[in-house]
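One structure is given below, encoded as structure tokens.
The values are calculated or read from the model by the stated rules, or taken from the named source; none is laboratory data. Every value quoted in this text rests on a predicted model; they were computed, and no experiment measured them. Because the Cβ atoms are built from the backbone with ideal geometry, glycine has one as well, and the counts that use them run over all protein chains shown.
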Amino acid sequence: MLLLVFVVLVKSCLCYSDDDLGYGLSIGNSIDVFANYGDLSQVTQVVSSDYEDEVSEPIEPFREKNIRVFDSIVVRETSGDKQVDMNIQLCETFEDLLKTYFQNFHIEGTDIAWKAFLGDWVPDEILRSFGMDYDSTPDNCCFVLVKISKTHKSVEIESLKKMKAKVYVQRAIDRLNVTDSTAVRRFMKSYGTHYIDSYVTGNFIYQVFKYKRSGYNLLRSYIKLRERRRSNSDNIRFYFSSYFLKQVGDIRIASGNKSVENWARDNLKDSQYLFSRPSLLRLHYNPVLAVKLNHMLDNEALLGLSLKTLKPLFKDEYMGEKFSEIVENDLKLWEVNA
Ligand SMILES: *[C@@H]1O[C@H](CO)[C@@H](O)[C@H](O)[C@H]1NC(C)=O
Ligand SMILES: *[C@@H]1O[C@H](CO)[C@@H](O)[C@H](O)[C@H]1NC(C)=O
């Protein structure tokens, strides 16, 4: 009897070797986005959070289960910047802020990638990971996201031409009835929905400022004007003065490294604010501090990720279309419920 159970188990196994299974970041490998939809931030390092339990382990940019489904992938790798890079982004609403924060994350089949990463988090938790206090009267205007980032490397699939399914996946495809959506969903659970088409790793430090509408509008005009004139005059600090602000968020780091966050809190105080709040703007005016930070930004966070549906896995075009149709429909449903 036991033997029989064993035989049945072996027959229904996926039959990929251990070499094909991993939890690290491997270009071209496939994941099931529904396995952790709404909570992908838990298995990727994209935002700072308050878990204390992971301190002893090294932080990895990506920890989601993934498998190798393609043979012969042609990859292009570019190494990143030596210097940190500051950018200031204006967001009309909190939802806008989430979109902006996740603008380098793409999941084919949805335009709202942030929901896959944070959709299941309670608002309070999301606010905290952006360094903001709970706001009992949340009015929705306006937010400014300041980011200082350092790219370590970018990796992307250069060509799809030679890509084909690995033998064990091809066998499953040969058996698959694509008009049977239950069978397709079972296939998705076993072999994934999307493959990793590109990613960027590095690290960045960020801070959110909540603005009064009037101050926000002034900052926006100033930035527009500066871009148009390409002027070197730099008066941006003025637009971050407390007179224009409702709330200054805590400085956070994408890797969640608390010692860097503490360093920022102690070293980036800007006395321009009423209570001398830490501000990333200080790095803009202080090259010595910027160099220090530059050394602290390592390769522990995910700065960008592009996932595409496993459509190219199917040699048969109709099968590929059917498959991605079901994936994309399911994504829409999950999105509405997140
Ligand atoms: C494929 O699935 C559809 C829908 O469940 C079913 O009607 C059809 O008979 C199946 N085809 C084969 C070859 O099993
Ligand atoms: C946090 O960053 C500091 C400074 O770069 C580094 O020395 C330390 O190893 C990092 N800690 C973890 C847990 O990665």
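A few comments on the model shown:
- Per-region count, segment 61-89, residues modelled with pLDDT of 90 or more, closer than 22 Å to L297 by Cα and either of a type in the set (G, A, S) or in a loop (DSSP other than H, G, I, E, B) (or both): 3
- Residue list for segment 235-263, restricted to those being of a type outside the set (G, A, S), more than 15 Å from S149 (Cα to Cα) and surrounded by 15 or more Cβ atoms within 10 Å (Cβ to Cβ): I236, Y239, F240, F244, L245, K246, V248, D250, W263
- When residues of segment 175-203 are limited to those that are assigned to a strand (DSSP E or B) and not hydrophobic (A, V, I, L, M, F, W, C), the one farthest from ligand 1 (Cβ to nearest atom): N203
- Residues of segment 274-320 satisfying the condition of being of a type in the set (G, A, S) and touching a residue at least 40 places away in the same chain (Cβ under 8 Å): S279, A290, A301, G304, S306
- Qualifying residue in segment 270-278 (condition: of a type in the set (D, E, K, R), modelled with pLDDT of 95 or more and either surrounded by 15 or more Cβ atoms within 10 Å (Cβ to Cβ) or within 16 Å of ligand 1 (Cβ to nearest atom) (or both)): no
- Listed conditions (1) in contact with a His (Cβ under 6 Å, 6 or more places away or on another chain); (2) loosely packed, with under 14 Cβ neighbours inside 10 Å are all met by D266, apart from (1).
- In segment 289-317, residue nearest to ligand 1 (Cβ to nearest atom) [restricted to those that are polar (S, T, N, Q) and over 15 Å from F62 (Cβ atoms)]: T309
- Unmet requirement for I223, which otherwise passes all of (1) touching a residue at least 60 places away in the same chain (Cβ under 8 Å); (2) crowded, with 20+ Cβ neighbours inside 10 Å; (3) over 25 Å from N36 (Cα atoms): (2)
- Extreme residue, surrounded by the most Cβ atoms within 10 Å (Cβ to Cβ), among residues of segment 143-166 that are of a type in the set (A, V, I, L, M, F, W, C) and touching a Leu at 6+ places or on another chain (Cβ under 7 Å): F143
- Among the conditions (1) in a strand (DSSP E or B); (2) of a type in the set (K, R); (3) closer than 26 Å to R186 by Cα, the only one that K115 does not satisfy is (1).
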